[in-house]
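See below for the structure under consideration.
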Amino acid sequence: MTKLTDSIVFITGASSGIGRSCAHAFAREGAKLILAARRKARLEKLAAELKKEFHTETVLAELDVRDHRAVEKFHKKLPAAWRNIDILVNNAGLSRGLSKLHEGLLQDWEEMIDTNVKGLLYVSRAVLPGMVERKKGTIINIGSIAGHEVYPGGNVYCASKHAVDALTKGMRMDVVDTPVRICTVDPGLVETEFSEVRFHGDKERAKETYQNMTPLTPDDIADAVLFAATRPPHVQIAELIIMPTAQASTTLVHRASSPA
Ligand code: NDP
Ligand code: 8X3
């Protein structure tokens, strides 16, 4: 296992769910963290926890990955000691709605495409040149099984995650002549704030997503991200697809029947 002590790890969408768990996992290994999200107060709370538990050094960014100028500015203004990012976890992302395409909301589509696709591109465009120049670095994109399958009502979200899959493969081709590694971790059902965001804050509907089955936890995904990040330099974990045991595809989830 490659040691992460003092490595610089940049995690987008660190204020919740998988990103937050990744922050814990990398902090436990002694990494220094750049944590980005729109909800700065949550990042501050997380940073305080990590400092107390692991003495983790952090740089926090109140950053909307959809804003390419803000992404570039933040990256350019990083203190010198933080510029050499070793690992980037492109995790910020969301789904909005589950409507048929002809009933969908343009605002939802734009939010998903701008965050999941363009946001990932903007952050990668800022960070990847330094990795190529230094001949060192790992990018781990958080894709989804929705990047491999399409399910009813998943139209635009699935398209955005198929785009993440294509961009991961494309990036890997673009840096194949360098030691930089490009990985994707593609989860099935993980219980986070994801479904609450998808259903615009409808907690009851969100809960139904994980009813009568055991979903993955964000820590399960953080484990996989850490695994990909800590392989020896000649090993590139191209793709990990991870589902709960009770899930076989996006549309086949075994739910225990409730007692009669
Ligand atoms: P959460 O809703 O719990 O976390 C999403 C994170 O993304 C938050 O920290 C949020 O922070 C951040 N984010 C959203 N939009 C932006 C933005 N414009 N700029 C910066 N940060 C943003 O969901 P998950 O942890 O589940 O989601 C993380 C990733 O995992 C996503 O890419 C998602 O598509 C993917 N995924 C999730 C699965 C699941 O079942 N949960 C399954 C497969 C993939 P803030 O709101 O503070 O900006
Ligand atoms: C999230 C998993 O199946 O809800 O990417 O699209 S799913």
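No value in this document is a laboratory result; all are computed from the given coordinates. Remember, it's a predicted structure, so these values are computed and weren't measured experimentally. Every residue, glycine as well, gets a Cβ built from its backbone with ideal geometry; the counts of neighbours run over all protein chains shown.
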³J(HN,Hα), Karplus 6.51/-1.76/1.60, whole Hz, each residue of segment 89-96, x for Gly, Pro: 10, 7, 10, 3, x, 6, 10, 9
Per-residue Cβ contact counts at 10 Å, fewest first, order L35, L101, L94 as L101, L94, L35
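I'd like the projected area of segment 1-88, averaged over all directions, using the convex hull of its alpha carbons. Report it in nm² with one decimal.
5.4 nm²
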Arranged by the count of other C-beta atoms within 10 angstrom, fewest first, what order do C22, C158 take? C158, C22
Cβ-Cβ FRET estimate between R69 and L105, R0 fixed at 22 Å, reported to 0.05: 0.25
Positive-end residue, the chain charge dipole about Cα centroid, Cβ charges, pick of L50, L167, A228: L50
In angstroms, what radius of gyration and Dmax does segment 8-242 have, counting Cα atoms only? 16.9, 51
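What dipole magnitude, in Debye to the nearest 20, does segment 21-73 give about its Cα centre under +1 on Lys/Arg Cβ and -1 on Asp/Glu Cβ? Before the final figure, lay out the partial values.
Numbers: 12 positive and 9 negative charges, 32 e Å.
Computed charge dipole of segment 21-73: roughly 160 debye.
Note down the magnitude of the dipole of the chain about its Cα centre, charges +1 on Lys and Arg C-beta and -1 on Asp and Glu C-beta and zero elsewhere, to the nearest 20 debye. Working shown, then result.
Numbers: 34 positive and 32 negative charges, 146 e Å.
The dipole magnitude comes to about 700 debye.
Please report, in debye to the nearest 20, how large the charge dipole of segment 1-94 is about its Cα centre when each Lys and Arg carries +1 at its beta carbon and each Asp and Glu carries -1 there.
In debye, rounded to 20, segment 1-94 gives about 240.
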Most exposed first, judged by fewest Cβ atoms within 10 angstrom, I11, I139 run I139, I11
Efficiency of FRET from Cβ geometry, H234 and R39, R₀ 41 Å, rounded to 0.05: 0.60
Under a crude label model (7 Å from the Cα following the beta-carbon direction), how far is H55 from A248 in nanometres? 5.1 nm
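Can you tell me the FRET efficiency between D6 and E149 if r is taken as the Cβ-Cβ distance and R0 is 35 Å, rounded to the nearest 0.05?
For D6 and E149, the calculated efficiency is 0.35.
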